[in-house]
1. Residue by residue through the range A:273-288, what is 3J(HN,Hα) from phi via Karplus (6.51 cos²θ - 1.76 cosθ + 1.60, θ = phi - 60°)? Round to whole Hz and write x for glycine and proline.
2. With springs only between Cα atoms under 10 Å, which of A:ILE264, A:ILE82, A:ILE207 fluctuates most in a Gaussian network model of chain A?
3. Using a cut-off of 19 Å between alpha-carbon atoms, which aspartates and glutamates can reach B:LYS6, once sequence neighbours fewer than 8 places away in the same chain are excluded?
4. From the square roots a ≥ b ≥ c of the eigenvalues of the alpha-carbon gyration tensor of chain A, which class results: rounded (a/c under 1.5), prolate (a/b over b/c), or oblate?
5. Would you mind calculating the gained length between A:GLN296 and A:VAL184 on full extension (0.36 nm times residue separation, minus the Cα-Cα distance), in nm to one decimal?
6. Which of B:PRO88, B:PHE22, B:ASN162 sits farthest toward the positive end of the charge dipole of the range B:2-217, with +1 on the Cβ of Lys and Arg and -1 on the Cβ of Asp and Glu?
7. Once amide H atoms are built 1.01 Å from N in the peptide plane, which residues 5 or more positions from A:TRP283, or in another chain, come under 5 Å H to H?
8. What are the ³J(HN,Hα) couplings of the range A:175-188, residue after residue, when phi is run through the Karplus curve with 6.51, -1.76, 1.60 and θ = phi - 60°? Round to Hz, x for glycine and proline.
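Every number in this text was worked out from the coordinates using simple rules, so none of it is lab data. Note that this is a predicted model, so its numbers are computed, not measured. Methodologically, a virtual Cβ is constructed for each residue, glycine included, from the backbone with ideal geometry; neighbour enumeration extends over all protein chains shown.
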Amino acid sequence: MAKVLMKGNEAVGKAAIEAGCRYFFGYPITPQSEVPEYLSSELPKVGGTFIQAESEVAAINMVYGAAAAGARVLTSSSSPGIALKQEGIGYISNAGLPAVIINMMRGGPGLGTIQPGQADYNMVVKGGANGDYHDVVLAPASVQEAVDMVMEAFDIADMYGTPVIVLADGLIGQMMEPVEFNYVRREGIPEKTWALTGKGDGEKHMIENLVIEPDDCEAWNHRNFDRYARIEANEQAWEEYKMDDAEYAFVSYGTASRVVRTAIGYLRNAGFKVGMIRPKTLWPFPQKAFDKWDAQIKKYLDVEMSMGQMVPDVAFACNDRTKVLFHGRTGGNVPTVDEIVEFGKEVMGGGK
Amino acid sequence: MVTDDKRVRIITGHYGSGKTEFAVNYVKTLREKAEGKVAIADLDIVNVYFRSREKKKELEEMGITVIASSLEGAGVDVPAVSGAMTTPVTNKEFQYVVDLGGNDVGTLVLGRMKPLLDPAETDFLMVVNTYRPNTSTPEGVIEQMENLEYAAGLKVTGFVNNTNLVRETTASCLSHGDAILKEVTKRTGVPVKYVSYVEELLTEDVPEGLSGELFPMKFHMRQAWM
């Protein structure tokens, strides 16, 4: 398929359709409103269903229902809207159902700002609902990668029976980039033999969610964590940028990593041996990348559009919190290339 | 030449066509070439990012009057426009560029200005990028044009061939857009007035035989890392 120029929010909508999603339930919020806008006109053309729910809470519970019926289903929102969906996400997760949730983050906390942010890391990566659980979290840094990750999210969700959150920000949602759509379904995705499609003359199906006896509930949790262990083993993804001879490594994801990439060009020209580990999955966090490179890295430079929510994960991954330094902007502001270069020089000093 | 266009230039187009980048480049060129007062109005009530009002300070320092929302601040998500938008229409000392929001929805805001507009001194320019899905064929361009004309109550007086793939733009992109727009011109009689492209992106020569005046641009709305 030839490249077209699309806004991130439209492109993720099209990506979902290409991946076979025919159901979207959501509610508008800046800066992701073009996702429902696009799908409201495009889903009916392919026999799909778009519903603007009465609220985010209603939308996520419609997602729960459609997922239980075996559908590929999507919802999207931005930070405060995702906060509202947390209870439903926790229920879908506990039921072991596949669903895809897009979060085009904006500044926070509370109602926050409409400009881009990355301060939902804790809510999304650590789990904003109650109980012991994880959602898979994918973090795209371009419109093309957002497209690819939305497609992959449906496969991962179906493969493991879990919600997958595509965690981007308003900038990825609002910017235009050339994209192409080449969906190739993963091998080995199990049939949804459990789906609630009406018993008829067939077997009884049931989606369980309430396990009321403590021993049973504990066993249930252990079964979930067996699944998480498989995801951690199989699904960690990251990009290594100029790491081969690096003595220092930026750690950054999404939009912030784009600014870092440009800054690395300047720092390399000034003689600094610096690269970047860019997590593409935030849960599972790419521990393997740190295991691979840690021996040669003196310091990690964590750059985020938050007050440093990823820092503990980087410190855990390298097993040395004294090696991790942070620079961030928040509230809807994006760091500039100049300030990242300055931060780099400050940390690396004479360590050229 | 931008100075040959009519006194009030309204820039419209499908969203994502590159209206704002064109409008900002256009008004700067106009400021360099035209005598007297020059104003730009950002009437984008559709987008909340990448609006020309973000360049307010830079443009004002060049001596361009910038009219945006009556509510200050990049974070305001309210479709409010300034009452001052009509001043450069009625005050004929102004050369005026109007940057509309995308699609027919963005065009509705012109209603406030419409009773004051004299068609004889108004150009309604439609920016087209044929790599945008809804304007990728002559039929698509004509459909969008008719929607915009219906919403604005104005006839499109010229196209801007702004066909690009951002940082993957090549000279052949301009030819791609040109072929589609030539067909549109044949069917509608509306000419291509400009071929716009960001100079730093084009490593080859601009192809010969393109309809419209070449209009090289600089990036104003995109950072180096975008």
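1. Once rounded to whole Hz, the list reads 8, 9, x, 8, 9, 10, x, 9, 10, 9, 10, x, 5, x, 3, 4.
2. A:ILE207
3. B:GLU32, B:GLU35, B:ASP42, B:GLU93, B:ASP99, B:ASP118, B:GLU121, B:ASP123, B:GLU149, B:GLU213
4. prolate
5. In short, 36.6 nm is gained.
6. Checked the options; the winner is B:PRO88.
7. A:VAL137
8. Values per residue, Gly and Pro as x: 8, 9, 9, x, 9, 9, 10, 10, 7, 10, 5, 4, 6, x Hz.
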